[in-house]
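Contents: one structure, followed by commentary.
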Amino acid sequence: MTDVIVWTGIAVRALRTAMRLSQVQFAERVRVDQRTISAWECGKARPISAAGSRVLDRLLDDLPRSARLRFALMMNPIEAEAVSCGENDEMDRRRFLQAAALAPLSPVVPDLAASLAGGDPGPLAVVQTSHALDHAIAAELDHATIRRMLGWAQNDSSEIIRVNAAGILAKTPAAPAESIVRFLAHDDEVSRRYMTAVLARIMGTDHSHAAGYLVAPETLPSPAVIAERLAVESLNRTDVGARWCAATMLARMSPYLR
């Protein structure tokens, strides 16, 4: 699993989230006050002291397997929401994703694939997974797990689980492409999240900007360039979901292309 060498605000928040604790509850475990936890998570108190780091190390070491998996997912490249650090002070989302991308994918995939094979969709409810992580998990799926994930993609009450299941299946050659397209065409929440992720990836922008462009495609910068990239993505042989999303976005953009 993911090991932490230097505790950053991103890692502290990931650990607290993995433990499913509020800042107040987590502060009690770390033996500091809630304001210190908030300052750590927002990067306002750096570096974290040696004593604080030792306590965090122990908490990480003592995590059960399911919580360690949640922590690893939070520390890997993910499509997570930006961390709010106050009314006028929001952590730079791009720095968050760049830092999270430093955590290796390889230790996460076997445990995650094992959880899915065992019928546990819980790890997929943490955050929206990345394109790279989806591909890595897809390579590990057997037919029984594919059938199970088709059910999650269609019927689970969590939109995060549905979009993650659909995203992984869309990159799985053995999964029925027509089912993935049907999920996207009929589930507005899943298609919105998937299209936002595709647009953010091909534009090299963050999800908040991509979500805005999705709603108002007439505001896209350099629309001809974006259209060319979407046209290439519409032929993506390894991701049927990205193909559908790119083609749909091109149709939305067409009135604004000159």
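The values are calculated or read from the model by the stated rules, or taken from the named source; none is laboratory data. The structure presented is a predicted model; accordingly, all values stated were derived computationally and were not measured. Note that each Cβ is placed from the backbone with ideal geometry, even for glycine, and that neighbours are counted across all protein chains shown.
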Exercise for review: For segment 43-65, name all the residues that are among the hydroxyl-bearing types (S, T, Y) and surrounded by fewer than 14 Cβ atoms within 10 Å (Cβ to Cβ).
Suggested key: S49
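Residue-by-condition table, conditions (1) surrounded by 20 or more Cβ atoms within 10 Å (Cβ to Cβ); (2) farther than 23 Å from I180 by Cβ; (3) not aromatic (F, W, Y):
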position: H207; (1), (2), (3): yes, no, yes
position: A216; (1), (2), (3): no, yes, yes
position: A227; (1), (2), (3): no, yes, yes
position: A231; (1), (2), (3): no, no, yes
position: L235; (1), (2), (3): no, no, yes
Review point. Would you call L69 closer than 27 Å to T205 by Cβ and at pLDDT 65 or above?
Key: no
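So how many residues does segment 169-195 have that are under 18 Å from A125 (Cβ atoms) and either without any contact (Cβ under 8 Å) to a residue 12 or more places away in the chain or out of contact with any Gly (no Cβ under 7 Å at 6 or more places or on another chain) (or both)? Lay out the reasoning, then the answer.
Applying the first criterion (under 18 Å from A125 (Cβ atoms)) to segment 169-195 yields 169, 183, 187, 189-190, 192-194.
Right, trim to either without any contact (Cβ under 8 Å) to a residue 12 or more places away in the chain or out of contact with any Gly (no Cβ under 7 Å at 6 or more places or on another chain) (or both) and you get 169, 183, 187, 189-190, 192-193.
The number of residues fulfilling the criteria is 7.
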Review point. Among (1) under 25 Å from A174 (Cα atoms); (2) touching a Gly at 6+ places or on another chain (Cβ under 9 Å); (3) surrounded by fewer than 13 Cβ atoms within 10 Å (Cβ to Cβ), where does D239 come up short?
Key: (3)
Point to revise | Matching entry among L220, L184 (being modelled with pLDDT of 95 or more, among the aliphatic types (A, V, I, L, M), crowded, with 16+ Cβ neighbours inside 10 Å and at negative phi) | key: L184
Check your understanding: In segment 185-211, what residues are in a helix (DSSP H, G or I) and of a type outside the set (A, V, I, L, M, F, W, C)?
Key -> H186, D188, E189, S191, R192, R193, Y194, T196, R201, H207, S208, H209
Practice item. Take segment 157-184 and flag every residue that is among the small types (G, A, S) and assigned to a helix (DSSP H, G or I). Key: A165, A166, G167, A177, S179
Review point. Between a first residue in segment 18-42 that is assigned by TED's automatic domain parsing to the domain that holds M75 and buried (at least 18 other Cβ atoms within 10 Å of the Cβ) and a second residue that is modelled with pLDDT of 90 or more and outside any helix (DSSP H, G or I), which pairs have beta carbons less than 7 Å apart while being 6 or more apart in sequence or on different chains?
Key: A27/D33
Review point. Out of the residues in segment 244-254 that are closer than 21 Å to D187 by Cα and out of contact with any helix residue (DSSP H, G or I) (no Cβ under 7 Å at 6 or more places or on another chain), which is surrounded by the fewest Cβ atoms within 10 Å (Cβ to Cβ)?
Key: A251
**Study point:** Residue count for segment 134-168, restricted to those that are without any contact (Cβ under 8 Å) to a residue 60 or more places away in the chain and either hydrophobic (A, V, I, L, M, F, W, C) or outside the structural domain of R201 (by TED's automatic domain parsing) (or both)
**Key:** 16
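For every residue, the table says whether it meets (1) more than 26 Å from L15 (Cα to Cα); (2) among the hydrophobic types (A, V, I, L, M, F, W, C); (3) within 15 Å of the chain's Cα centre (by Cα).
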site: L124; (1), (2), (3): no, yes, yes
site: Q128; (1), (2), (3): no, no, yes
site: H135; (1), (2), (3): no, no, yes
site: L150; (1), (2), (3): yes, yes, no
site: E159; (1), (2), (3): no, no, yes
site: A200; (1), (2), (3): yes, yes, yes
site: T205; (1), (2), (3): yes, no, yes
site: H209; (1), (2), (3): yes, no, no
site: Y213; (1), (2), (3): yes, no, no
